[in-house]
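First the structure, in the form of structure tokens, and then the observations on it.
The values are calculated or read from the model by the stated rules, or taken from the named source; none is laboratory data. Only a predicted model underlies this, so the values are computations on that prediction, with no experimental measurement involved. Cβ: placed from backbone, ideal geometry, glycine included. Neighbour counts: every protein chain shown. Keep in mind that these areas ignore ligands, DNA and RNA; they rest on the heavy atoms of the full protein, side chains included. Shrake-Rupley method; radii C 1.70, N 1.55, O 1.52, S 1.80 Å.
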Amino acid sequence: MSTLTRVRNPSTRGLWVTGIVLALLIAGVGSWYASAHPDGLEWSAEQSGFGDSAQDSVAADSPLADYAVEGVDDGRLSGGLAGVIGVVVTLVLAGGLTLLVRRRPAGSGADTAGTPPATAREHG
Amino acid sequence: MHVPDGFLDTTTSLSTAAVAAVGVAAALRGARHELDERTAPLAGLTAAFVFAVQMMNFPVLYGTSGHLIGGALTAVLVGPWTAVLCMTVVLMVQGLLFADGGLTALGTNVTLMGLVAVAVGYGVFRALVAVLPRTRAGLLASAGVGAFLSVPTAAMVFVGLFSLGAVADVPLGTVATYMGGVHLLIGLGEAAITVAVLGAVLAVRPDLVRGARHLQAAVALAPRAHPAPAVPTGSDAR
């Protein structure tokens, strides 16, 4: 997507690049050091005796299931790679969605004539 | 707090999916007024950042862990409607790609961590901002309390859903005690991370924090500079 090219304001770009680098470092490197204990809900479910009722998600066969890349044996690399993929996919989807939803600058409605079906359906 | 498949029955899961759908539809309309050319990429960044930080489970007592939800943080940074969209994208990516949180439970997770966490986090934030001193410290305190309360509240809403549609037959009081207790502790982590991240962004670009708009005028008119809060520069620690 053209998410990157939209960032024209250089002062915004500084924060943006810093944030992305941080997110990639946290997901790609830092996540290896995250606590592996069950989370609050899992733990509560085990303690109260309904942990067994959890079922595998349909997505359990995903090549990225449980934050590991299928076929990559090294745990640190596999988890880090999964984290980086997740950050990038989230960035593209959320950035793309918010760019679609955003308020267009006044007068640009005529300029975006290349995408009439989407705007034509809007009544609001 | 990602709810897996199987905890809640079909009726309850369908109901929360409907609630989530209505909430997201409202957010698609509401976010239009929060987003422009400049803020949309920042919203994408915020979602990616929340995804990353959610991978960082921190230890809690009794061999338990927790992680940031990020509803309050996102709402203060980019606005509540946009926050609902960001949280929904994060939860969909986690559920679909990483099998983190069930797919029939996706509506439940969007309801708990998208709608409830954002509404409570942002609602408390706005209420406190209105009464606390209009300073950076006041803003951070408001966000911290909102973030803290958002976690046990979402946990208790899960308990409420569990009372309506639990698959397993276990005493509700037990579930409520464990869920409430551990999520009060996780809420402290939520508040700490929210305040640290928000403090760091406020230190460099307060103009990009949507929830800090009321500070712009106040800071410009302030008779003396407020000392910057002691934000640990964790970004330098690698």
Would you be able to say whether some residue in the stretch B:43-59 is within 18 Å of the chain's Cα centre (by Cα) and more than 17 Å from B:THR194 (Cα to Cα)?
yes
Please identify the pairs in which a residue from the stretch A:45-58 that is open to solvent by 100 Å² or more (accessible area, probe 1.4 Å) has its Cβ atom under 8 Å from the Cβ atom of a residue that is of a type in the set (A, V, I, L, M), counting only partners at least 6 apart or on another chain.
A:ASP52/B:ALA168; A:ASP56/B:ALA99; A:VAL58/B:LEU103
Within the group B:GLY66, B:GLY79, which residue is touching a strand residue (DSSP E or B) at 6+ places or on another chain (Cβ under 8 Å) and either at pLDDT below 95 or not polar (S, T, N, Q) (or both)?
B:GLY66
Take residues that are within 22 Å of B:PHE158 (Cβ to Cβ) and more than 7 Å from chain A (Cβ to nearest Cβ) and tell me which of the helices (runs of 4 or more DSSP H) falling wholly in the stretch B:1-110 contain 3 or more.
B:10-30, B:71-78, B:80-98, B:106-109
When you scan the stretch B:147-185, how many residues do you find that are within 16 Å of A:LEU41 (Cα to Cα) and either out of contact with any Leu (no Cβ under 9 Å at 6 or more places or on another chain) or without any contact (Cβ under 8 Å) to a residue 60 or more places away in the chain (or both)?
22
Of everything in the stretch B:100-137, what is open to solvent by less than 10 Å² (accessible area, probe 1.4 Å), of a type outside the set (A, V, I, L, M, F, W, C) and closer than 23 Å to B:ALA203 by Cα? Give them in sequence order.
B:GLY121
Confirm whether A:GLU46 is more than 7 Å from chain B (Cβ to nearest Cβ), not in a loop (DSSP other than H, G, I, E, B) and not hydrophobic (A, V, I, L, M, F, W, C).
yes
How many residues are part of a loop (DSSP other than H, G, I, E, B) and either within 7 Å of another protein chain (Cβ to nearest Cβ) or out of contact with any Lys or Arg (no Cβ under 9 Å at 6 or more places or on another chain) (or both) if we restrict to the stretch A:18-43?
5
Of everything in the stretch A:59-74 that's closer than 21 Å to A:ALA27 by Cβ and open to solvent by 80 Å² or more (accessible area, probe 1.4 Å), which residue is nearest to the other protein chains (Cβ to nearest Cβ)?
A:ASP66
Hits in the stretch A:6-17 (condition: open to solvent by 80 Å² or more (accessible area, probe 1.4 Å) and either at pLDDT 95 or above or more than 7 Å from chain B (Cβ to nearest Cβ) (or both))
A:ARG8, A:PRO10, A:ARG13
If I go through the stretch A:75-99 residue by residue, how many of them are open to solvent by 40 Å² or more (accessible area, probe 1.4 Å) and at the interface with another protein chain (Cβ under 8 Å from one of its Cβ atoms)?
6
